[in-house]
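Worksheet: the structure to be examined is printed underneath.
What follows draws every value from the coordinates through simple rules; no lab data is involved. All figures in this text were calculated on a predicted structure; none of them were measured in a lab. Cβ sites come from the backbone with ideal geometry, for glycine too, and all protein chains shown count toward neighbours.
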Amino acid sequence: MAAARLVVLVSGSGTNLQALLDAISEDPQYGAEIVAVGADRDEIAGLERAERAGLPTFVCKVKEYDSRDAWDAALADAVSAYEPDLVVSAGFMKIVGKEFLARFGGRFVNTHPALLPSFPGAHGVRDALAYGAKVTGCTVHFVDDGVDTGPIIAQGVVAVRDEDDEAALHERIKEVERQLLVDVVGRLARNGYSIEGRKVHVGEHGHR
Ligand code: GRF
């Protein structure tokens, strides 16, 4: 089967993107290729990583559009131009809207740095720490129209240490998160999948 086409969306340092790039270049059987990288802002390390890898990039900034819906439609158009099988939000710090989900729902994957449904939103690491949770981690899930509420594909657990601050905990979570994302995207691409309600089945009997 041809490699699944991925468009990856980033807003920051892009270490999750880099992990996907490394996995693809190291393993000819990985099953996916990145065809473009998009962002909601420029001058970020994530875009530099894409450029170093020789990939096309695009930037859609909310403030350049008259409305959030216009931005969302423009983002959907930009992504759609690369005809992706899967779209991966790898630290993309924007909530997409109706148009984007109408076109990419069911094949739009996000990674979140907490064990959902605990601690959704932009500060998952800080919130888990402030709550006093003893374990937290990361969740790779399909995106639906809520904030970090879509069907869960896989999770990784990280113990919270007494001496942790947000940065230290986030760094340990990201080590697990990168491996989990690489594993999940590869399995979705190679084995296909199906989504029934909240349950995601990845494997021989799924479909892409
Ligand atoms: C990840 O922890 C992601 O879950 C969070 O932001 C981080 C992005 O890291 N939303 P990077 O840009 O992939 O290095």
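Proximity of backbone amide H atoms, modeled 1.01 Å from N, is registered between LEU115 and GLY137 at under 5 Å, excluding neighbours fewer than 5 places apart on the same chain.
Between ASP77 and TYR65, the contour length at 0.36 nm per residue exceeds the Cα-Cα span by 3.0 nm. Extension gain, ASP22-VAL202: 0.36 nm per intervening residue step, less the Cα-Cα distance, totals 62.5 nm. Residues VAL147, VAL176, ranked from the fewest to the most other C-beta atoms within 10 Å, line up as VAL147, VAL176. As a length-normalised measure over Cα pairs under 8 Å and 6 or more apart, the relative contact order of region 4-193 settles at 21 percent. The 3J(HN,Hα) values that the Karplus relation (6.51, -1.76, 1.60; θ = phi - 60°) gives for region 192-199 are, in residue order, x, 6, 9, 10, 10, x, 8, 9 Hz. Gly and Pro appear as x. The alpha carbon radius of gyration of region 1-109, expressed as a multiple of 2.2 N^0.38 Å, is 1.02. Between amide H atoms placed 1.01 Å from N, distances below 5 Å from ILE153 occur with VAL140, HIS141, PHE142, all of them 5 or more places distant or on a separate chain. When both bridge partners sit in region 48-158, DSSP labels roughly 75% of those beta bridges antiparallel.
Mean 1/r over all different Cα pairs, inverted: what Kirkwood radius does region 84-131 give, in Å? Every distinct Cα pair counted, the radius reaches 12.0 Å. Between the amide H of GLY12 and those of GLY46, distances stay under 5 Å, these residues lying 5 or more places away or on another chain, with hydrogens modeled in the peptide plane. Taking every DSSP bridge with both residues inside region 4-193, close to 40 percent are antiparallel. In region 41-67, which residues have a backbone nitrogen under 14 Å from the label point lying 7 Å from HIS123's Cα in the Cα-to-Cβ direction? The answer is none.
Net charge of the neighbourhood of LEU21, taken over other residues with C-beta under 13 Å away and scored Lys/Arg +1, Asp/Glu -1, is -3. Applying 1/(1 + (r/R0)^6) with r as the Cβ-Cβ distance of ALA167 and MET1 and R0 = 41 angstrom yields a FRET efficiency of 0.50.
Between GLU33 and ILE95, the contour length at 0.36 nm per residue exceeds the alpha carbon distance by 19.9 nm. The fraction of Cα-Cα pairs per 5 angstrom bin, counted from 0 for the chain, comes to 1, 8, 16, 20, 21, 17, 11, 5, 1, 0 percent, rounded to whole percents.
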